[in-house]
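K.L.:
Structure provided below as structure tokens; questions to follow.
The values are calculated or read from the model by the stated rules, or taken from the named source; none is laboratory data. Fair warning: this is a prediction, and the values are worked out from it, not measured in the lab. In this analysis, Cβ positions are derived from the backbone assuming ideal geometry, glycine residues included, and neighbour counts consider all displayed protein chains.
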Amino acid sequence: MFQEVQERIQTQFVTAVHEAFKLEVAAPTLDTPPNLEMGDVSLAACFELAKKLRQAPRKIAEQLVPLLSSLEGIERVTVAGAGYLNFHLNRAQAAGQLFEKRGAAAEGRAQPGPPTAGKILVEHTSINPNKAAHIGHLRNAVLGDTFARLLRFQGSNVEVQNYIDNTGVQVADVVVGFQHLEKKTLAEVEALIRTPTPRFDYYCWDLYARVFQLYEDDKTSLAWRAQALKDIEEDHGETAALAELISTAIVRTHLETMLRLNIGYDLLAQESEILRLHFWKAAFEVLKQHHAIRFENEGKNAGCWVMDLAGAVAEGAGESADAEETKIIVRSNGTVTYVGKDIAYHLWKFALLGKDFGYEPFHRYPDGHEVWRTTVGGRPDAPPFGRASAAYAVIDTRQSYLQNIVKAAFHALGFHDHAANLHHFAYEVVGLSARCAAEMGIALTEADRQRPYVEVSGRKGQGVKADDLIDTLIARAAEEVNSRGMAQDPAEAQDYARKIAVAALRYFLLKYSRRVIIAFDFKEALAFEGETGPYLQYSIVRARNIFRKFAESHPGFDATQLSGAISADQMQRFYKGDDGAAFWELTRLAGQLETTVAQAISSEEPAVVAKYAFRLAQAFNNFYHHFHILSEPDAPRQNFLLYLVYLTEKTLTLATEQMGIEIPERM
């Protein structure tokens, strides 16, 4: 509702200025007046026009009022202060349009926002396939999944990719562990994967930590890593076969883990095919032709291909401890660094490489959606992956330097427009509160207990596995479900516990700015009051319970028919009455979902939607406590109160859907 009105105001303002002053202007920035009495939308553009027209801002505003007053959905336009234009919405009309819009969405009749040109590619999760996922990976996946949902809600064609680094150092280290510490053959590792206990990803978690300790104790053992890495990249012998076996098995466990949080993918882009299909070779030749990289004959980088970074477009590189004047792209032994393969991958995303992967189905979700993965051959009926007009890579801030190098490579190749559409969706790491770490069995020193958060380290084996965290949250949520008597059937109780746990975790990871380091805490996340996922769920369940109880005494009641039960005159009377400001405040807030989503996308901050949903839930609960909906004796007023409950419940449901939160039947 609000978004459409704002767009009409902006368009009409441009037209009105041209009609009144023969002046071409850009669409103005809109704001909200300090209070409801002053209006719903405020515009300060007359102050800028005053400089060009050499007239007082208020005089300009007064001349524009007649040209703006006939806008659909606007009751009147007023001038305030020295020249502010304030727009007062027709409240009854706006509420009616919002009711229809929310009803259409609930019934699946609504179309998303106007479609955007091209495809937007969102790459997220991208866990090294060498061990179980941990809590830090969950922040990445939840942010990326929510951002993709928001883009789709706005009407974008979105493709979600999960980059699988199956030829990298971390996989090589687990291969070293199996070959040199465990002395296991390919067949023995296959048998281990088939064994339900211990879980293979958990087994590799411990093995990876042991290999890291081996390197610490014996530096000569690093030669095993170098040889394994070379064999894997060259697809040579049992080492490469072992790496493929391990990484594929781990990826399957990662998909299962993420599905528990309602997270899915369209394509698994494997690094192995970047090498085997010679993506890197093609990118390497292009980089050399454009003199974007050069060969070092002497010095510490002798025998390497490097990229000069002095003066390169790499914002933030100077802030990185890793920042250098040159960056190695190809090592002296001929192996490609991570950033080199990443350059090739990003060129492919925009169809700038002249090459494509083969594709094959890899996994089918319960809802029938199929995840594909890259391969050398592939199926001829595969969907058209890649070919993006914009791409977002959800990668933590520690990788900002390398992401800036990728962007610098685009500029060096002359792909300036594509570089502008290549976004690093950076976020800070996740730690644990001292209380949470202790509850998860992590040994803490007194110094650890005094820190704002406890760091996790996969290399040291210190951390919280994602599935352990989810299991613990579900168990805690089940205690709440049982203590509150929410469900008698054990299966139903378990389903409620799962939904509450997922909501708690996802909302906790979303409510903070992505630029903030967060410390996860069980008690804080699972609270039914305050800024939490369960609070949002409880608010929606409360709203639905109102309709359920009302229907018990009004057989045949259908909430979608409420708009026909209230006349336009009645609607205006309620909005103009003593409680009109409270009614309109709730309505106006419910109408801001679309503008909030647009703001979250433009700022790349899903937290904006999380905060909005919490404000709306708070406003609804205040409304619920102030107005006695079910006991209201005046039938038209009761219908109107139910009307507002409908608007709020449908909006909150849409907002939680964008955050991947499901709603239990009871709470």
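K.L.:
Could you list, in sequence order, all residues of the stretch 317-351 that are in contact with a Cys (Cβ under 8 Å, 6 or more places away or on another chain) and at pLDDT below 80?
P.N.:
Going through the stretch 317-351, the residues in contact with a Cys (Cβ under 8 Å, 6 or more places away or on another chain) turn out to be 328-332.
Hits for the stretch 317-351: nothing passes.
K.L.:
If VAL541 satisfies every condition in (1) under 20 Å from GLN658 (Cβ atoms); (2) in contact with a helix residue (DSSP H, G or I) (Cβ under 9 Å, 6 or more places away or on another chain) but one, which is the exception?
P.N.:
Failed condition: (2).
K.L.:
Another one. Test each condition in (1) within 22 Å of VAL502 (Cβ to Cβ); (2) of a type in the set (S, T, N, Q); (3) over 19 Å from the mean Cα position of the chain (by Cα) for GLN658 and report the one that comes out false.
P.N.:
If we test GLN658 against (1) within 22 Å of VAL502 (Cβ to Cβ); (2) of a type in the set (S, T, N, Q); (3) over 19 Å from the mean Cα position of the chain (by Cα), just (3) comes out false.
K.L.:
The conditions are (1) touching an Asp or Glu at 6+ places or on another chain (Cβ under 9 Å); (2) modelled with pLDDT under 95; (3) crowded, with 19+ Cβ neighbours inside 10 Å, and PRO198 fails exactly one of them. Which is it?
P.N.:
Status for PRO198: all satisfied but (3).
K.L.:
Can you pull out every residue in the stretch 370-384 that is more than 30 Å from VAL429 (Cβ to Cβ) and either out of contact with any Pro (no Cβ under 7 Å at 6 or more places or on another chain) or surrounded by 17 or more Cβ atoms within 10 Å (Cβ to Cβ) (or both)?
P.N.:
Our first condition is that a residue be more than 30 Å from VAL429 (Cβ to Cβ); within the stretch 370-384, this holds for 370, 372, 375-384.
Residues satisfying the conditions are TRP372, THR375, VAL376, GLY377, GLY378, ARG379, PRO380, ASP381, ALA382, PRO383, PRO384.
K.L.:
Could you figure out which of (1) closer than 17 Å to VAL430 by Cα; (2) without any contact (Cβ under 8 Å) to a residue 40 or more places away in the chain; (3) not hydroxyl-bearing (Ser, Thr, Tyr) isn't true of GLU479?
P.N.:
(1)
K.L.:
Among (1) of a type in the set (D, E, K, R); (2) in contact with a strand residue (DSSP E or B) (Cβ under 6 Å, 6 or more places away or on another chain); (3) modelled with pLDDT of 90 or more, which single condition is GLU455 missing?
P.N.:
(3)
Conditions (1) more than 30 Å from GLY463 (Cβ to Cβ); (2) in contact with a strand residue (DSSP E or B) (Cβ under 6 Å, 6 or more places away or on another chain), marked per residue:
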residue	(1), (2)
ALA491	yes, no
ILE500	no, no
TYR507	no, no
ARG514	no, yes
PHE520	no, yes
ALA525	no, no
GLN537	no, no
VAL541	yes, no
HIS554	yes, no
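K.L.:
Also: Hey, can you tell me all the residues within the stretch 13-31 that are surrounded by fewer than 18 Cβ atoms within 10 Å (Cβ to Cβ) and within 25 Å of THR595 (Cα to Cα)? Give the steps one after another, and end with the answer.
P.N.:
Keep residues of the stretch 13-31 that are surrounded by fewer than 18 Cβ atoms within 10 Å (Cβ to Cβ), which gives 14-15, 18-27, 29, 31.
If the condition is that a residue be surrounded by fewer than 18 Cβ atoms within 10 Å (Cβ to Cβ) and within 25 Å of THR595 (Cα to Cα), then VAL14, THR15, VAL25, ALA26, ALA27, THR29, ASP31 are the ones that fit.
K.L.:
Moving on. Inside the stretch 422-446, can you point out the residues that are surrounded by 19 or more Cβ atoms within 10 Å (Cβ to Cβ) and polar (S, T, N, Q)?
P.N.:
Of everything in the stretch 422-446, just one residue is surrounded by 19 or more Cβ atoms within 10 Å (Cβ to Cβ) and polar (S, T, N, Q), namely SER433.
K.L.:
Follow-up. Within the stretch 419-459, how many residues are in a helix (DSSP H, G or I) and among the hydroxyl-bearing types (Ser, Thr, Tyr)? I'd like the intermediate steps shown before the answer.
P.N.:
So the first thing to find is which residues in the stretch 419-459 are in a helix (DSSP H, G or I), and the list is 419-420, 434-439, 446-450.
Now restrict to residues that are among the hydroxyl-bearing types (Ser, Thr, Tyr): none.
The number of residues fulfilling the criteria is 0.
K.L.:
Please work out if GLU529 is under 17 Å from THR146 (Cα atoms) and acidic (Asp, Glu).
P.N.:
Working: under 17 Å from THR146 (Cα atoms): no; acidic (Asp, Glu): yes.
So GLU529 fails the test.
K.L.:
Just one of ALA56, ALA80 is exposed (fewer than 15 other Cβ atoms within 10 Å of the Cβ) and farther than 30 Å from LEU652 by Cβ; which is it?
P.N.:
Within the list ALA56, ALA80, the selection yields ALA56.
K.L.:
Here is a further query. What residue, of ALA582, ALA600, ALA619, is small (Gly, Ala, Ser), in contact (Cβ under 8 Å) with a residue 24 or more places away in the chain and more than 30 Å from PHE147 (Cβ to Cβ)?
P.N.:
Working: ALA600 fails: more than 30 Å from PHE147 (Cβ to Cβ); ALA619 fails: more than 30 Å from PHE147 (Cβ to Cβ).
It is ALA582.
K.L.:
Read through the list (1) part of a loop (DSSP other than H, G, I, E, B); (2) touching an Asp or Glu at 6+ places or on another chain (Cβ under 9 Å), then give the number of the only condition that GLY414 fails.
P.N.:
So GLY414 meets the others, but not (2).
K.L.:
Within the stretch 213-230, which residues are in a helix (DSSP H, G or I) and over 22 Å from GLU244 (Cβ atoms)?
P.N.:
Just the residues of the stretch 213-230 that are in a helix (DSSP H, G or I), to begin with: 213-217, 219-230.
GLN213, LEU214, TYR215, GLU216, ASP217, LYS219, THR220, SER221, LEU222, ALA223 - these are the residues of the stretch 213-230 that are in a helix (DSSP H, G or I) and over 22 Å from GLU244 (Cβ atoms).
K.L.:
Now for a separate question. Starting from residues that are under 30 Å from LEU593 (Cβ atoms) and without any contact (Cβ under 8 Å) to a residue 60 or more places away in the chain, keep the ones in the stretch 135-192 and report whichever is surrounded by the most Cβ atoms within 10 Å (Cβ to Cβ).
P.N.:
ALA148
K.L.:
Let me ask something else. For the stretch 541-575, what are the residues that are more than 19 Å from ALA106 (Cα to Cα), without any contact (Cβ under 8 Å) to a residue 60 or more places away in the chain and not small (Gly, Ala, Ser)?
P.N.:
GLU552, HIS554, PRO555, ASP569, ARG573
K.L.:
Does at least one position in the stretch 520-528 carry a residue that is more than 22 Å from the chain's Cα centre (by Cα), in a loop (DSSP other than H, G, I, E, B) and more than 23 Å from HIS134 (Cβ to Cβ)? Full working, then the answer.
P.N.:
At the first step, the residues of the stretch 520-528 found to be more than 22 Å from the chain's Cα centre (by Cα) are 523, 527-528.
Subsequent filtering for residues that are in a loop (DSSP other than H, G, I, E, B) retains 527-528.
Those left that are additionally more than 23 Å from HIS134 (Cβ to Cβ): 527-528.
Scanning the stretch 520-528, I find at least one residue that is more than 22 Å from the chain's Cα centre (by Cα), in a loop (DSSP other than H, G, I, E, B) and more than 23 Å from HIS134 (Cβ to Cβ), so the answer is yes.
K.L.:
Could you tell me which numbered condition HIS278 fails, if it satisfies all but one of (1) more than 32 Å from the chain's Cα centre (by Cα); (2) surrounded by fewer than 21 Cβ atoms within 10 Å (Cβ to Cβ); (3) at pLDDT below 95?
P.N.:
HIS278 satisfies all of (1) more than 32 Å from the chain's Cα centre (by Cα); (2) surrounded by fewer than 21 Cβ atoms within 10 Å (Cβ to Cβ); (3) at pLDDT below 95 except (1).
K.L.:
Look through the stretch 410-449, keep the residues that are of a type in the set (D, E, K, R) and without any contact (Cβ under 8 Å) to a residue 12 or more places away in the chain, and return whichever of them is nearest to ALA600 (Cα to Cα). Step through it out loud before you land on a result.
P.N.:
Pass one, the stretch 410-449, residues of a type in the set (D, E, K, R): 417, 428, 435, 439, 446, 448-449.
Going one step further and asking which of them are without any contact (Cβ under 8 Å) to a residue 12 or more places away in the chain, we end up with 417, 446.
Working: ASP417: 23, GLU446: 40 Å.
Checked the stretch 410-449; the qualifying residue nearest to ALA600 (Cα to Cα) is ASP417.
K.L.:
From the residues in the stretch 650-667 that are part of a helix (DSSP H, G or I) and among the aliphatic types (A, V, I, L, M), which one is surrounded by the fewest Cβ atoms within 10 Å (Cβ to Cβ)? Don't jump to the end; show me each part of the working.
P.N.:
Applying the first criterion (part of a helix (DSSP H, G or I)) to the stretch 650-667 yields 650-658.
After this cut, where a residue has to be among the aliphatic types (A, V, I, L, M) as well, the list is 652, 654-655.
Numbers: LEU652: 25, LEU654: 20, ALA655: 24.
For the stretch 650-667, the residue satisfying everything is LEU654.
K.L.:
Still on this structure: Are any residues in the stretch 69-105 more than 19 Å from GLN572 (Cα to Cα), within 39 Å of the chain's Cα centre (by Cα) and modelled with pLDDT of 95 or more, and if so, which ones?
P.N.:
TYR84, LEU85, ASN86
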